[in-house]
Amino acid sequence: MSNKLKIKLSIANRVYPLTIDSNQEEGLRKAAKNIDLMIKQFEQSYSVRDKQDVLAMCALQFASQMEQKTIDKDIKNEIVEEKLGALNKMLQNYLDS
């Protein structure tokens with residue numbers, strides 16, 4: 001059983017107090033750091049100053065990355081299934097002969 005921790009994360013110059021399981025701390029801190037880095041990149045690249053717009057762009061970026069990984073995984077699974085099916089057919093033909 002995990003211990004509960006109270007931490008404070010800073011995102012876009014706001015502090016968010018959270019109570020989390022201890023095994024989540026590293027991932028949450030890395031996520032907050034990545035969000036802040038992405039905010040800085042968007043602000044520099046696009047001269048966006050409205051934090052809400054920048055956060056929306058960050059959310060879209062992260063969501064699209066997650067969706068793309070899901071799509072890529074599904075494609076890989078289909079390829080593996082096709083290859084396994086072909087291999088199974090070859091083995092079945094060999095055993096039948």
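Within region 3-13, is there a residue that is aliphatic (A, V, I, L, M) and on the phi > 0 side of the Ramachandran plot?
yes
Looking only at region 5-56, filter to residues that are assigned to a loop (DSSP other than H, G, I, E, B) and not basic (Lys, Arg); which one of those is most open to solvent (accessible area, probe 1.4 Å)?
Asn13
The values are calculated or read from the model by the stated rules, or taken from the named source; none is laboratory data. All values reported here derive from a predicted model rather than from experimental measurement. Note: areas computed on protein heavy atoms with side chains; ligands, DNA, RNA excluded. Shrake-Rupley method; radii C 1.70, N 1.55, O 1.52, S 1.80 Å.
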